[in-house]
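Enquirer: The following block contains the structure, expressed as structure tokens.
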Amino acid sequence: MSAERILVLTGGIGGAKLCLGLQRILPPAALLIAVNTGDDFEHLGLHISPDIDTTVYTLGAIANPDLGWGRRDETWSFMRALQSLGGETWFQLGDGDLAMHVERTRRLAAGEGLSAITRDLAARLGVRAQIAPMSDQPVRTIVSTPEGNIGFQDYFVRLRCAPVVTALTFRGAEAAEVSEPIAQALRGPGLRAIVIAPSNPYLSVDPILAIPPMKSLLLASSVPVVAVTPIIGAEAVKGPTAKIMRELGISPSPLAIVEHYRGLIQGFVLDSRDAHLAQRIDMPVQLCDTLMRTIEDRERVAAAVLELVAALEGRSSAPAPEVL
Ligand code: FO1
């Protein structure tokens with residue numbers, strides 16, 4: 001079998017944009033996506049998997065273009081009715097989105113695994129790529145703050161990332177297994193490369209890497225592993241990455257991201273605005289405008305990733321620093 005598949009490790013909105021670009025330029029069945037489930041939580045009696053849904057909606061072309069999460073052309077009758085009853089409304093669930101959570105929760109309660117449910121729901125929504133949770137077992141991101149430990153969505157949505165982050169832990173990761181579709185891809189033939197999306201390294205990618213067999217399989221893999229920068233200059237493209245880095249005592253810069261993934265990646269997609277930093281990165285670097293506002297932007301970043309992979313193929317180790 002020729003090595004054709006690209007495995008992407010991703011979180012929410014930024015990662016989903018890259019995945020859409022890849023889905024558009026790769027042949028069908030060539031894209032497998034391992035999604036962070038550390039953001040999952042139980043809310044209003046429902047199992048909510050925000051990053052899975054963001055990825056499914058984006059690749060199914062039904063994502064809300066303004067919010068990045070949730071569905072386009074959404075209605076909010078349920079939220080209004082809940083509010084009139086004095087219910088909890090800090091986490092917004094649109095009517096169409098609610099159907100996803102209700103159906104997922106029903107199927108989980110009936111004994112189906114999250115991988116199987118995700119595969120089926122994504123296919124029903126017209127997604128061509130294969131999307132799988134990082135694990136079928138629960139892993140929950142816990143944010144430590146000076147006021148105590150809080151769940152991820154409490155930190156991210158209810159408190160709008162305001163608390164200072166002193167540590168992040170991934171409850172359940174130690175005992176979790178890699179989901180079957182991802183484990184099979186990492187063990188078997190047919191994998192061409194592994195791509196770490198421009199998602200938040202601390203909140204979105206670290207929960208994936210915190211699963212011990214995932215880390216071992218990634219390190220044992222012989223295919224190129226590359227990361228796309230989530231930082232341009234000293235700022236995150238989106239979200240609280242730079243804020244969290246400062247709070248954890250890390251100076252926000254693409255160089256810190258390279259350091260964070262050291263030992264795992266052999267190539268790095270650096271934003272063209274940071275071209276002056278390329279000579280300080282001791283592995284092949286692909287320069288690219290990594291801002292993804294339009295569909296063309298997403299395809300451009302996806303193409304840059306594949307160019308870097310092509311340049312790395314056949315190399316057992318990275319030689320001298322090089323800008324591609
Ligand atoms: N993000 C918000 O900022 N506010 C919300 O009310 C909200 C609701 C929501 C509902 C379903 C869903 O799949 C995602 C939702 N998100 C919301 C986004 C989400 O919580 C975060 O973007 C991710 O967890 C971070 O990747």
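Enquirer: Can you give the longest stretch of the chain with no exposed loop site, where a site means GluC sites (Glu not before Pro) in a DSSP loop (not H, G, I, E or B) with at most 12 other C-beta atoms within 10 Å?
Expert: On the way: sites that count: GLU88, GLU147, GLU313.
The segment 148-312 is the longest one with no such site.
Enquirer: Filter the trypsin sites (Lys or Arg not before Pro) in segment 43-85 down to the DSSP loop ones having no more than 16 other Cβ atoms within 10 Å, then list what survives.
Expert: Passing both the DSSP loop test and the Cβ count: ARG72.
Enquirer: Also: Which residue, chosen from GLY15, GLY70, PRO28, occupies the Cα position most advanced towards the positive end of the dipole of segment 7-107, where the dipole is computed from +1 (Lys, Arg) and -1 (Asp, Glu) charges on Cβ about the Cα centre?
Expert: Farthest along the dipole direction, towards plus: PRO28.
Enquirer: List the trypsin sites (Lys or Arg not before Pro) in segment 159-202 that DSSP assigns to loop (not H, G, I, E or B) and whose Cβ has at most 13 other Cβ atoms within 10 Å. Which are they? List each step's numbers first, then the result.
Expert: Values: sites: ARG160, ARG171, ARG187, ARG192; in loops: ARG160.
For trypsin sites (Lys or Arg not before Pro) across segment 159-202 that sit outside H, G, I, E and B with at most 13 neighbouring Cβ atoms in 10 Å, the list reads ARG160.
Enquirer: Something else: PRE reach from LEU291 (point 7 Å along Cα→Cβ): which of segment 214-234 fall under 12 Å by backbone N?
Expert: Backbone N within reach: 232-233.
Enquirer: Once the whole set of protein chains is in place, how much accessible area is left on LEU82, using a 1.4 Å probe, in Å² to the nearest 10?
Expert: 30
Enquirer: In whole Hz and in residue order, list the ³J(HN,Hα) couplings for segment 19-31 that follow from phi through the Karplus curve 6.51 cos²θ - 1.76 cosθ + 1.60, θ = phi - 60°; x for Gly and Pro.
Expert: Per-residue couplings from phi come out as 4, 5, x, 5, 4, 6, 10, 9, x, x, 6, 8, 10 Hz.
Enquirer: On full extension of the chain, what length is gained from GLU103 through LYS215, given 0.36 nm per residue of separation minus the C-alpha to C-alpha distance?
Expert: 37.2 nm
Enquirer: Could you state how much accessible area TRP69 has, in square angstrom rounded to the nearest 10, with a 1.4 Å probe and all protein chains kept in place?
Expert: In the full protein context, TRP69 sits at about 100 Å².
Enquirer: With θ set to phi - 60° and the Karplus curve 6.51 cos²θ - 1.76 cosθ + 1.60, what are the ³J(HN,Hα) couplings of segment 100-113 in order, to the nearest whole Hz, using x for Gly and Pro?
Expert: Along segment 100-113, the couplings run 4, 5, 5, 5, 4, 4, 4, 6, 5, 5, 7, x, 6, x Hz.
Enquirer: Any idea which of ALA278, VAL258, LEU306 is furthest toward the positive side of the dipole for segment 170-324, if Lys and Arg beta-carbons carry +1 and Asp and Glu beta-carbons -1?
Expert: VAL258
Enquirer: A further question follows. Less than 12 Å Cβ to Cβ from LEU31, Lys/Arg counted +1 and Asp/Glu -1: what total charge do the surrounding residues give?
Expert: Working: positive: ARG5, ARG24, ARG128, ARG192; negative: GLU4.
Around LEU31, the surrounding residues sum to +3.
Enquirer: Using the crude model of +1 on Lys and Arg Cβ and -1 on Asp and Glu Cβ, and no other charge, please compute the dipole size for the chain relative to its Cα centre, in debye to 20.
Expert: Approximately 240 debye in magnitude.
The values are calculated or read from the model by the stated rules, or taken from the named source; none is laboratory data. Everything numeric in this text was worked out from a predicted model, so none of it was measured. Methodologically, a virtual Cβ is constructed for each residue, glycine included, from the backbone with ideal geometry; neighbour enumeration extends over all protein chains shown. Surface areas here come from the heavy atoms of the whole protein model, side chains and all, with no ligands, DNA or RNA. Shrake-Rupley method; radii C 1.70, N 1.55, O 1.52, S 1.80 Å.
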